[in-house]
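First the structure, in the form of structure tokens, and then the observations on it.
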Amino acid sequence: MATIEFLLNHAELPDSPTLRLDVELLLAHVLGKSRSYLHTWPERELEAQQLERFQAALVRRQAGEPVAYILGQQGFWSLQLEVAAHTLIPRPDTELLVETALASLPATPARLLDLGTGSGAIALALASERSAWRVTGVDRITEAVALAERNRARLKLTNANFIESHWFSALVGQRYQLIVSNPPYIAADDRHLAQGDVRFEPSSALVAGADGLDDIRLIIEQAPGYLEAGGWLLLEHGFDQAAAVRELFCERGFSAVQSRRDLGSHERISLGRFDNE
């Protein structure tokens, strides 16, 4: 008998460190209900079609595919976002980037740029918190721009927009009070690329040269040409890259260079202010 209780207790995901959560998310999605519903109505039996869909989702998860891709959505900040296999899955660590950006400028009119926006997570989180800010998100992947725009439209945020651009290539003549980015920062030979969810995520959103800093170097070098005087650049990076990123900031002439720690106490983002070009 395929009741909710039976499926919760007997579904198998051998390599998942979050087995119970994964099963609850997949089952709730198939039923179109909240996770709390599963515990309120444990005796409910699934219809044949629902059971078939759940089993298909379970097979995908058993193969290692991230739950977010199976569901087609992921929570980030206070938002529920559509995600797809051509974009990085938004992660809680990146919310530190949003928090720091919100604290870097007053809630008065300002222009912000999100480089490599993917699903639009950072840009939309900022736009949702500051109605006076105008936030532009760019990505070189056409499908990512379309995805971010769908998220914007569904969330009814009119102070954000998305355009196709390889970093700054389509932004000639534009200036911003703050530029933020969660760029690729994993080294090409990093063993973690063959483990866990990242096996299914696009390598173009993860890998940046031999030491993982190629894109960060480019952004730090070019950003001053697109910042207003006194504007800020905020970058997410690897847990062991903060010192190298701060050095790059300083070499390019940024001031007030600093790093911030994530919930795991790793230096996860670095930032600096550029006073003049």
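The values are calculated or read from the model by the stated rules, or taken from the named source; none is laboratory data. Nothing here was measured: the structure is a model prediction, and the numbers come from that model. For neighbour counting, all protein chains shown are included, and Cβ atoms are generated from backbone atoms with ideal geometry for every residue, glycine included.
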Given (1) over 16 Å from V138 (Cβ atoms); (2) at pLDDT below 95; (3) assigned to a loop (DSSP other than H, G, I, E, B), index of the condition G253 fails: (2)
Scope the stretch 142-157; condition surrounded by fewer than 19 Cβ atoms within 10 Å (Cβ to Cβ) and closer than 19 Å to S169 by Cα; matching residues: T142, E143, A146
Test: residue in the stretch 27-35 that is surrounded by 12 or more Cβ atoms within 10 Å (Cβ to Cβ) and within 27 Å of L96 (Cα to Cα): yes
Helices (runs of 4 or more DSSP H) fully within the stretch 1-109 counting 1 or more residues that are in contact with a strand residue (DSSP E or B) (Cβ under 7 Å, 6 or more places away or on another chain): 67-71, 95-104
The stretch 78-98 residues that are farther than 12 Å from L124 by Cα and among the hydroxyl-bearing types (S, T, Y), paired with ones that are modelled with pLDDT of 90 or more and in a loop (DSSP other than H, G, I, E, B) (beta carbon under 8 Å, 6 or more apart): T87/G118; T87/S119; T87/I141; T94/N182
Some residue of the stretch 48-66 being β-branched (V, I, T) and buried (at least 16 other Cβ atoms within 10 Å of the Cβ): no
In the stretch 256-277, the residues that are surrounded by fewer than 17 Cβ atoms within 10 Å (Cβ to Cβ), of a type in the set (G, A, S) and in contact with a helix residue (DSSP H, G or I) (Cβ under 9 Å, 6 or more places away or on another chain): G264
Flag if V198 is hydrophobic (A, V, I, L, M, F, W, C) and either modelled with pLDDT of 95 or more or assigned to a loop (DSSP other than H, G, I, E, B) (or both): no
